[in-house]
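Below is one structure, written out as structure tokens, with a few remarks after it.
The values are calculated or read from the model by the stated rules, or taken from the named source; none is laboratory data. All values reported here derive from a predicted model rather than from experimental measurement. Reconstructed Cβ throughout: ideal geometry from the backbone, glycine too, with neighbour counts over all protein chains shown. For the accessible areas, the whole protein counts, side chains as well, though only heavy atoms, and no ligand, DNA or RNA atoms are used. Shrake-Rupley method; radii C 1.70, N 1.55, O 1.52, S 1.80 Å.
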Amino acid sequence: MTISKLSDEQISEQLKAYPHWQLQNGKLYRRLTFEDFVHAMGFITQIAILAEKANHHPEWANVYRTVDIFLTTHEANGVTERDFALLKHIERLIG
Ligand code: HBI
């Protein structure tokens, strides 16, 4: 199923509800900092399971207790509702 990317205006409008996130190089981006490396890995593992179930995967970088997470939809070459769905899962998980 092809999915269309959202416009920058649509993205900015939806991001108003998520002030920790920003649009960076066409991707939704947030830096997460955990109490230690093991907690960072626990987060990554939980999101990995969700992502696999949704067949929609993040791009991320982990250095010790930080996780930089980037959400974009490769097949749309931009941000789609699938990215916001994963963002909402992440926000629910970290509380
Ligand atoms: N994850 N972020 C992202 N974007 C995609 O387009 C995507 C994906 N995970 C799996 C996936 N596409 C598959 O549907 C295709 O690789 C077949």
**Asked** Amide H to amide H under 5 Å from THR73: which residues, 5+ apart in sequence or cross-chain, H placed 1.01 Å off N in plane?
**Response** GLY78, VAL79, THR80
**Item:** Spin-label model distance (nm) - ARG65 vs GLU91, 7 Å beyond Cα toward Cβ
**Value:** 2.5
**Message:** Using a probe radius of 1.4 Å on heavy atoms only, what accessible surface per residue do you get for the chain? Whole Å² is fine.
**Reply:** 62
**Item:** Axial C-alpha extent at least 15 Å, average Kyte-Doolittle at least 0.5 - helices from the chain (DSSP)
**Value:** 37-54
**Message:** Cross-link candidates for LYS5: which lysines have Cα within less than 17 Å, leaving aside residues fewer than 8 places away along the same chain?
**Reply:** LYS27
**Rounded percent of accessible protein surface that carbon and sulfur make up, the chain, 1.4 Å probe** = 52
**Asked** What does the chain give for Rg and for Dmax, in Å, if only its C-alpha atoms count?
**Response** 13.0, 40
**Message:** On a 1.4 Å probe surface of the protein chains, which of TRP21, TRP60 comes out largest in accessible area, and what is the full order?
**Reply:** TRP60, TRP21
